[in-house]
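As structure tokens, the structure follows; a few thoughts come after it.
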Amino acid sequence: MNRGLQNIHSPGIENTKHFFRLTFLTGVRRGQSFTIKDGQRKVVGRDPKSDIPLNDSKTSRNHAELVWLNGELMVTDLKSQNGIIVNDRKVIQEKLKKHDRLIIGHTIFRIDIEYGTTGFHSFEDSLSKGLTSIKSNVKKKSIIPLVSGVLILIVGFLIISEEGTEEAKVVKTRKKITRKVSNQESLAKKINIETKSQNKKIDSKVLSLIQQGRRELREGNYFRALSEFNAALDENPSDSQARFYKKKAYEGIESLVTKYNIEAQRNLATINAERALVSYCAIIRLLQEYPKNVRYIQAMKNIKKIEKEQGYELGEIRCLQN
């Protein structure tokens, strides 16, 4: 009977478990943290009723969810307006690892993994002690009346019955855990496949935007090109090609502005104010979406100066149509 008991092992004895800790690196909650443990699901968003509410204007009401799957932490974008970023890369869904940086709106989290040892004593210890005590009593009282022997047999029978019941519980628990692990692994594989598919779509969209921007750049449509490269960086902020060509678009705009300034100065030098106005107005139209730009402000000052010197009324020269 003892040999049979020695083969029974309860699951979870001295089992080392881990959990994920997310720490705020920005905002009013900087330094605070929360944990996600096995089987938990937490929604992050601007909604005060969210599991993890954020006071962040760039965060949607239900922005993202964090789910524990098979010992791993998955983050999923809940169709938010500004998306989620993991380690400078915009993603739809991603498996989080230790020391990852998760950005939701303006809020940045650091991912950590912590461990804690938990354990419990199974029924084998008490059962083994009980059987040892019974055997000892049998040896010591081998000469006592038959009634004592019958009582010992009854006690032994009760212990064996208890053993069978506990063993059945252990087997049932093991089967339940096995099914749960199998389901989690299947779900994790499905999510990994979907994540790779979504990331491929993002990469394809970024490439298409860059190609369109390069065409506009070759044709001298610098602002259109800039718009395409900015859209590509919205999809993937770390894309090096989009950053490179965005810089080229800015250089093209700067080159045009410099050209118009030189023409205006040359015309003023030859007392040709009308031609100078044409050049300054070209700068105004080029930078009309950037009225705080230094070149835009300087061009407006030069136009007002020419108005005063040439006898125009203040504000008479209009470079932009209302």
With respect to Ile271, is the statement that it is in a loop (DSSP other than H, G, I, E, B), farther than 30 Å from Asp77 by Cα and more than 50 Å from the chain's Cα centre (by Cα) true?
yes
Need pairs with beta-carbon distance below 9 Å; first residue touching a residue at least 12 places away in the same chain (Cβ under 8 Å) and farther than 17 Å from Thr76 by Cα and within the stretch 42-58, second surrounded by fewer than 18 Cβ atoms within 10 Å (Cβ to Cβ) and hydrophobic (A, V, I, L, M, F, W, C); sequence gap 6+ or separate chains.
Asn55/Val28
Among the residues of the stretch 279-287, is any without any contact (Cβ under 8 Å) to a residue 60 or more places away in the chain, assigned to a loop (DSSP other than H, G, I, E, B), more than 19 Å from Glu263 (Cβ to Cβ) and within 52 Å of the chain's Cα centre (by Cα)?
no
Looking only at the stretch 183-206, which residues are open to solvent by less than 80 Å² (accessible area, probe 1.4 Å), of a type outside the set (A, V, I, L, M) and either closer than 20 Å to Ile84 by Cα or at pLDDT 85 or above (or both)?
Asn192, Thr195, Ser197, Gln198, Asn199, Asp203, Ser204
How many of the residues in the stretch 49-58 are within 19 Å of Thr26 (Cα to Cα) and out of contact with any strand residue (DSSP E or B) (no Cβ under 6 Å at 6 or more places or on another chain)?
4
Within the set of pairs 6 or more residues apart or between chains, which connect a residue that is open to solvent by 50 Å² or more (accessible area, probe 1.4 Å) inside the stretch 241-260 to a residue that is small (Gly, Ala, Ser) and at pLDDT 85 or above with Cβ atoms less than 7 Å apart?
Tyr260/Ser279; Tyr260/Ala282
Please go through the stretch 34-77 and pick out each residue that is surrounded by fewer than 15 Cβ atoms within 10 Å (Cβ to Cβ), part of a loop (DSSP other than H, G, I, E, B) and at pLDDT 90 or above.
Pro48, Lys49
The stretch 207-239, residues that are open to solvent by 50 Å² or more (accessible area, probe 1.4 Å) and over 31 Å from the mean Cα position of the chain (by Cα):
Arg215, Arg218, Glu219, Tyr222, Phe223
Selection within the stretch 288-322 - open to solvent by 80 Å² or more (accessible area, probe 1.4 Å) and part of a loop (DSSP other than H, G, I, E, B):
Gln288, Glu289, Tyr290, Lys292, Glu313, Leu314, Glu316, Arg318, Gln321, Asn322
Quick check on this structure: which one of Leu217, Leu286, Leu256, Leu314 is within 30 Å of Lys90 (Cβ to Cβ) and out of contact with any Cys (no Cβ under 6 Å at 6 or more places or on another chain)?
Leu217
Would you mind stating whether Asn267 is under 30 Å from Ile103 (Cβ atoms) and surrounded by 13 or more Cβ atoms within 10 Å (Cβ to Cβ)?
no
Can you name every residue in the stretch 289-318 that is modelled with pLDDT of 85 or more and within 47 Å of the chain's Cα centre (by Cα)?
Pro291, Lys292, Asn293, Val294, Arg295, Tyr296, Ile297, Gln298, Ala299, Met300
Quick one: how many residues across the stretch 273-287 are within 18 Å of Ser255 (Cα to Cα) and open to solvent by 30 Å² or more (accessible area, probe 1.4 Å)?
3
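Here is a check on your reading of the model: is Asp88 at pLDDT below 90, farther than 29 Å from Glu185 by Cβ and crowded, with 16+ Cβ neighbours inside 10 Å?
When the stated conditions are applied, Asp88 does not pass them.
The values are calculated or read from the model by the stated rules, or taken from the named source; none is laboratory data. Everything numeric here is computed off the predicted structure, so don't read it as measured data. Glycine also receives a Cβ, built like all others from the backbone with ideal geometry; neighbour counts cover every protein chain displayed. What goes into the accessible areas is simple: the full protein's heavy atoms, side chains included, and nothing from ligands, DNA or RNA. Shrake-Rupley method; radii C 1.70, N 1.55, O 1.52, S 1.80 Å.
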